[in-house]
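One structure below.
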Amino acid sequence: MKPDISQLIANLCRRPSTRVPNVELGIHPVIKERFLGRPVVTLADDVEFWQRAGYDYIKLQPGVDFDPARIASDRNLKASEDGTVVRKWASEGSGVIASREDLERYVFPEPEDLSYERFDQVKPLLPTGMGVIGQYGDIFTMTWEMMGFEAFSMAVYEDPELVDALNQKYPLVQ
């Protein structure tokens, strides 16, 4: 099947189309590697995965560094390749932002720190008909990942102002 981004756009706009497209915003790198039978290392490899798996697009994220290690906040935390924060253990519990003091201390990237270089790099790699979906988390993804899901869930009830303040810190939101 050849990619046809117009089919996805038609479906999203509730217009007639010839098929229902596959849509997924997150596919684990291990799944991609198993599907292709080799590591997904380059942007070209990623394009090949999305095309061969039957998608009309490749999902890309802007590059930005939220790595807590750069401010020595917690040795058990690291940033994954897509920029999300991962605790080496129990990331669902508590994250790098647990209080207003943590929020004020954390060094957030500025809007000009975002890199859209991969969007330019992918253009010549796209097969005819294939598009790009640019996405960086969902509404609260970065917030709960920075706080840890349990801490985020409790703060939504106990300290919604902290959740709002953290959400407003992201250059992608402003």
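The values are calculated or read from the model by the stated rules, or taken from the named source; none is laboratory data. Bear in mind the structure is a predicted one, so any value in this text is a computation, not a measurement. Quick reminder, even Gly has a Cβ in these numbers, built from the backbone with ideal geometry, and neighbours come from all protein chains shown.
Can you say whether LEU36 is within 23 Å of GLN61 (Cα to Cα), exposed (fewer than 14 other Cβ atoms within 10 Å of the Cβ) and not hydroxyl-bearing (Ser, Thr, Tyr), as far as the supplied structure shows? Please lay out each step first, then the result.
Details: within 23 Å of GLN61 (Cα to Cα): yes; exposed (fewer than 14 other Cβ atoms within 10 Å of the Cβ): no; not hydroxyl-bearing (Ser, Thr, Tyr): yes.
Here the answer is no, as LEU36 does not meet what is asked.
For the stretch 10-33, enumerate the residues that are of a type in the set (D, E, K, R), free of Cβ contacts under 8 Å to residues at least 12 places away in the same chain and surrounded by 11 or more Cβ atoms within 10 Å (Cβ to Cβ). Talk me through it step by step, then tell me what you get.
Quick first cut of the stretch 10-33, residues of a type in the set (D, E, K, R) only: 14-15, 19, 24, 32-33.
Still in the running and free of Cβ contacts under 8 Å to residues at least 12 places away in the same chain: 14-15, 33.
The one that is of a type in the set (D, E, K, R), free of Cβ contacts under 8 Å to residues at least 12 places away in the same chain and surrounded by 11 or more Cβ atoms within 10 Å (Cβ to Cβ): GLU33.
What number goes with the only condition from (1) in contact with a helix residue (DSSP H, G or I) (Cβ under 9 Å, 6 or more places away or on another chain); (2) exposed (fewer than 12 other Cβ atoms within 10 Å of the Cβ); (3) among the β-branched types (Val, Ile, Thr) that VAL122 does not pass?
It is condition (2) that VAL122 fails.
Looking at the stretch 95-144, which of its residues are in contact with a Phe, Trp or Tyr (Cβ under 6 Å, 6 or more places away or on another chain) and free of Cβ contacts under 8 Å to residues at least 60 places away in the same chain?
Within the stretch 95-144, just TRP144 meets the criteria.
How many residues, within the stretch 39-65, are of a type outside the set (A, V, I, L, M), part of a loop (DSSP other than H, G, I, E, B), crowded, with 17+ Cβ neighbours inside 10 Å and in contact with a helix residue (DSSP H, G or I) (Cβ under 7 Å, 6 or more places away or on another chain)? Even if it seems obvious, please write down each step before you answer.
Initially, the stretch 39-65 is screened for residues of a type outside the set (A, V, I, L, M), giving 39, 42, 45-46, 48-52, 54-57, 59, 61-63, 65.
Narrowing further to those that are part of a loop (DSSP other than H, G, I, E, B): 39, 42, 54-56, 61-62, 65.
Now drop any that are not crowded, with 17+ Cβ neighbours inside 10 Å, which leaves 55-56, 61-62.
The next check asks that each one be in contact with a helix residue (DSSP H, G or I) (Cβ under 7 Å, 6 or more places away or on another chain); those that pass are 56.
Matching residues across the stretch 39-65 total 1.
Quick one: in the stretch 105-119, of everything that is surrounded by 10 or more Cβ atoms within 10 Å (Cβ to Cβ) and not in a helix (DSSP H, G or I), which residue is modelled with the highest pLDDT?
My answer is TYR116.
As an exercise: evaluate TRP89 against (1) modelled with pLDDT of 60 or more; (2) aromatic (Phe, Trp, Tyr); (3) assigned to a loop (DSSP other than H, G, I, E, B) and give the number of the one condition it does not meet.
(1)
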